[in-house]
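The values are calculated or read from the model by the stated rules, or taken from the named source; none is laboratory data. Please read these numbers as outputs of a predicted model, since none were measured by experiment. Here the Cβ positions follow ideal geometry from the backbone for every residue, glycine too, while neighbour counts run over all protein chains shown.
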Amino acid sequence: MELDRKTKFQLSSHYWLFIALLLLLAGLLGAVTRTYHKSWDITLNGRNSLSAGSIAQLKKLKEPIHITVYAGANTRVGDAVKFFFAPYQRLKPDLRIQFIDPDEQPLLARQAGIQQPGEAVVEVGKRSDRLGSYNESAFINLLVRLARDKDRLVMYLDGHGERKLDGPANHDLGDFGAQLAKRGFKSAPLNLVLAQEVPSNISVLVIAGPRVDLLPTEVAKLKQYVQRGGNLLWLVDTEPLHGLLPLTEQLSIALTPGTVIDLQAKEMNADATVAVGAAYGRHPVLQNFNLITLFPYAREVVPLDSESHSENRWQITPLIQVAARGWLETGALDKPVAFDKGHDKPGPINIAVALQRTVDDRAQRIVVIGNGHFLANQFLGNGGNLDLGLNAINWLSGDEDLIAIQPRATQDAQILLSDTVKLMLVIGFLFVLPIGLLLAGGLIWWRRRKS
């Protein structure tokens, strides 16, 4: 039977339509069979999901991450490692994991310095380091360290009773120095009596509360360091400046005598001499920073007009205001304090500034904070003190892209019950519930026996 042209066209159209629909169905089946990840974290502070700081750090890393895990891929350790890195891989698809069984390839494990199964070597670009513990803080800190092109050197002024970045005493900054070391910073003391000048290859110089006067030659070396464009973190306590007054003139700031009294601290069961930081300026050091910081015995830092010469003009940004309901106490603290309208300054009080200018086509950065206690070993764990210190060092060293809030600690979920509720629970579970079950059982037995 010979088909006419119209019938042939209809049959051909049906054929190609069937092929198109078949291909569309295959594509739909492929889309349906794909794995889609969707999860909700209902824990108290979201401890099973990545923190905002970790997410920001992963997004800033442009280079791929290669992780070599020295454990069997199908072992219990291997499964735990896969589970740990799963949320990171969802955010950064170029994070690759390779498993090497140390029992099957012991030579490779020894060459990598592996001491126990489960350790990993993380590579970012040409830099690598070992990961010994699988927690968010350790992994993100390692990524921050590897993201630097080289280690940064932070020196701290020494020889005048200053707080030391490696000191164990309560007033020292040893714990803060240890946190800097985890992030790729190296620290060393600097004695300007012995050194001819402040080295030009350091990233940041830290001056943290000298207790005796500096020699005029030492002050001259510090001024020369600032003049040629050195970066500085100056932590100023309420004690005298011990010869550093010329430095305030060079930086166009004033350090007002007195101690900040903050009545808001009493609401937090703290002494009124602890200034509570919650009002922050707009600056890269404080980008996305909304944590409370605590500053025991803080002093005021006032920015002044820079000199008229363009090469000496500072761009000064106030960073932290405290004591909105307090004042700057100019009297002694050995007796109860009260606001004296004739002598004390009402709040809010500014206690920190950031300074920036261009020297020889290079950005010079300085941060002055009217408090050194907040980074001391005794107070570092309070609020966001550590985060603020790390952000300041990152900005001063030119690594503002690495500024991020540190991964949050897990909070303990506690149920607080009154004595009455506790007694009711004891009576209910030890007496009411057993007796109720016995009565119910007896009633059921009696009805069945009667029927």
> If a residue has to be surrounded by fewer than 18 Cβ atoms within 10 Å (Cβ to Cβ) and closer than 30 Å to F289 by Cβ to count, how many in the stretch 319-336 make the cut?
Replying inline: 3
> Any idea how many residues of the stretch 83-114 are in a helix (DSSP H, G or I) and closer than 23 Å to E136 by Cα?
Replying inline: 9
> How many residues does the stretch 376-395 contain that are more than 13 Å from V204 (Cβ to Cβ) and not in a loop (DSSP other than H, G, I, E, B)?
Replying inline: 4
> Any idea which of L91, L108 is among the hydrophobic types (A, V, I, L, M, F, W, C), modelled with pLDDT under 90, over 15 Å from E123 (Cα atoms) and more than 26 Å from the chain's Cα centre (by Cα)?
Replying inline: L108
> How many residues are in contact with a Lys or Arg (Cβ under 6 Å, 6 or more places away or on another chain) and either outside the structural domain of A376 (by TED's automatic domain parsing) or more than 24 Å from L241 (Cα to Cα) (or both) when one looks only at the stretch 160-189?
Replying inline: 3
>> Among (1) more than 14 Å from V77 (Cα to Cα); (2) modelled with pLDDT of 85 or more, there is one condition A120 misses while meeting the rest; what is its number?
In response: (1)
>> If I ask for residues that are more than 20 Å from H171 (Cβ to Cβ) and part of a loop (DSSP other than H, G, I, E, B), which ones from the stretch 351-375 would you list?
In response: D360, D361
>> Quick test for you: out of D271, D262, pick the one residue that is out of contact with any Cys (no Cβ under 6 Å at 6 or more places or on another chain), of a type in the set (D, E, K, R), buried (at least 22 other Cβ atoms within 10 Å of the Cβ) and in the same structural domain as N201 (by TED's automatic domain parsing).
In response: D262
> Where residues in the stretch 277-294 are at pLDDT 90 or above and in contact with a Gly (Cβ under 6 Å, 6 or more places away or on another chain), which of them is farthest from L375 (Cα to Cα)?
Replying inline: I292
> Does A188 satisfy the condition of being under 30 Å from L143 (Cα atoms) and in a strand (DSSP E or B)?
Replying inline: yes
> Just checking, which of G125, G161, G113 is closer than 30 Å to Y225 by Cα and touching a residue at least 12 places away in the same chain (Cβ under 8 Å)?
Replying inline: G161
> G46 passes all but one of (1) at pLDDT 75 or above; (2) within 25 Å of the chain's Cα centre (by Cα); which number fails?
Replying inline: (1)
> Is one or more of the residues making up the stretch 178-198 touching a Gly at 6+ places or on another chain (Cβ under 7 Å), β-branched (V, I, T) and closer than 15 Å to L233 by Cα?
Replying inline: yes
> Could you count how many residues in the stretch 99-143 are within 27 Å of K59 (Cβ to Cβ), among the polar types (S, T, N, Q) and exposed (fewer than 13 other Cβ atoms within 10 Å of the Cβ)?
Replying inline: 2
> Looking at the stretch 144-173, which of its residues are basic (K, R) and either surrounded by fewer than 17 Cβ atoms within 10 Å (Cβ to Cβ) or within 29 Å of I55 (Cα to Cα) (or both)?
Replying inline: R145, R148, K150, R152
>> Given the criteria surrounded by fewer than 16 Cβ atoms within 10 Å (Cβ to Cβ) and among the hydroxyl-bearing types (S, T, Y), does T248 qualify?
In response: no
> Within the set of pairs 6+ apart or on separate chains, which have a first residue in the stretch 301-317 that is closer than 20 Å to R228 by Cα, a second that is among the basic types (K, R) and at pLDDT 60 or above, and C-beta atoms under 7 Å apart?
Replying inline: S306/R313; E307/R313; R313/R357; W314/R357; Q315/R357
